[in-house]
Every structure is written in structure tokens, then in C-alpha cells.
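To start, the structure under review is shown below, and the notes come after it.
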Amino acid sequence: MNEAQKSLAQMSVKKLENLILRLGRYTKKECNRLDWRTKNSDELPGGETADSIVSKAFERVLSGKRKWNPQTDPDLAKYLMDVIDSLLSHLAESKDNTMFRVPPDAGSTEEAAWHGATRKHERKHERSADWMTQTALSSEQELIEKENAPHEIMTAATATAPNGRSERNRAVAVFVNSPARFSVWQ
């Protein structure tokens with residue numbers, strides 16, 4: 001049994017309920033302070049809620065994933081608040097929260113600030129969406145791809161061959177008639 005489990009086991013039910021309510025209010029206040037793409041602190045990224053964040057904080061501390069040391073942090077509630085801050089910070093910086101944004105209405109007071117923050121975010125995360133676009137192959141990569149194409153055709157054709165030899169002959173015919181064959185030797 002870790003220190004957090006011992007401390008919580010010694011608490012009365014009323015004190016534990018008050019601790020959970022206090023942590024819930026704290027989490028809600030912190031959610032309202034942070035910037036969410038949905039502009040709604042009740043709809044957090046990843047389907048999280050203030051209640052689920054409190055539950056995760058308890059789970060991390062009770063499981064020992066986050067170790068509470070009463071000598072360095074004598075107040076368990078304060079330590080749980082620190083864990084909640086960490087969870088919310090990771091959630092606020094997650095791709096689910098930062099990848100897409102809902103722009104403010106045109107002409108609103110938030111529009112100028114939003115454009116400035118968006119440009120700053122785009123500079124910070126310039127390469128974060130690189131995986132969504134196909135990059136151009138270098139001439140060396142193109143050559144390697146062309147060289148591997150006939151091998152891939154033959155491998156695919158023979159791999160599915162249920163009866164061996166006659167299918168291998170068909171694979172050779174596919175290779176010979178393949179447009180990839182001609183581009184390799186050109």
C-alpha cells in the first residue's frame with residue numbers, strides 16, 4: 001500500500017467527498033482558464049471532462065504512476081491539484097486541441113488576437129501536419145522504387161499462388177507485360 005492509499009484509507013467518507021468536490025471545483029476553474037479548441041470548457045479534447053480528469057488524477061496517484069511523498073508534499077490535496085494541472089496542460093497542448101481551431105466571427109474583438117495567436121501557433125508547429133501531405137521523392141528514391149516495382153509485382157503474384165508452378169508462370173507473364181518492367185530499363 002503506497003502513502004496515498006494509506007492517507008485516503010484513514011479519511012472519513014465525508015472528508016473524502018469534500019476532497020473530491022474541492023478537486024472538481026479546482027479542475028473546472030482551471031478548465032475555464034485554459035484555451036480549448038471547442039471554446040467550451042465542458043467539452044475537453046479526447047472526450048475528457050472535469051470529472052474524468054479528477055478520476056485520472058486519483059488513479060495515477062493511487063496506482064503509483066505518480067508517487068506522492070508526504071515528506072516533500074505534506075498536503076495530498078495540493079499534490080492532486082498538481083497532478084490535475086499536469087493532465088490539463090498535456091490535454092491543452094495535445095494535437096486534438098491544437099490541430100484545428102474554430103475561428104471567431106468576422107469583425108469581433110477576438111478576431112485580431114486570434115489571427116496573431118494562430119500565426120504564432122503555425123510557426124511553432126510548422127511541421128506538425130507534414131504526415132498529411134505526400135512529399136516529393138528524390139531522384140534516388142524514385143530509382144529505388146522503380147527497381148523494386150517488378151519484384152513487388154512478382155512477389156504479390158506468387159504469394160497468392162495456391163498451386164505453385166503454373167501460378168509462377170502467370171507471375172512471369174504479368175511481369176513481362178507490366179508497364180513497370182519497361183520503366184525500369186529505360
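Readers should treat all values here as calculations from the given coordinates under stated rules, not as data from a laboratory. These numbers were taken from a predicted model, which means no experiment stands behind them. Ideal geometry is used to build each Cβ from the backbone, glycine not excepted, and the neighbour counts take in all protein chains shown.
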_Computed over the range 3-99, Kirkwood Rh from alpha-carbon pairs, angstrom_ = 14.0
*Efficiency of FRET from Cβ geometry, Asn40 and Lys15, R₀ 25 Å, rounded to 0.05*: 0.20
*Tell me, what HN-Hα J-couplings in whole Hz come from the Karplus equation 6.51 cos²θ - 1.76 cosθ + 1.60 at θ = phi - 60° for each residue of the range 139-145, using x for Gly and Pro?*
4, 5, 5, 4, 5, 4, 5
*Highest mean first, what order results for 53-64, 137-148, 27-38 on Cβ atoms within 10 Å?*
53-64, 27-38, 137-148
*First select every other residue whose beta carbon is under 13 angstrom from the beta carbon of Glu140; then total the charges, Lys and Arg +1, Asp and Glu -1.*
-2
_Counted charge near Asp75, where neighbours are those whose Cβ lies closer than 13 Å (Asp, Glu -1; Lys, Arg +1)_ = -1
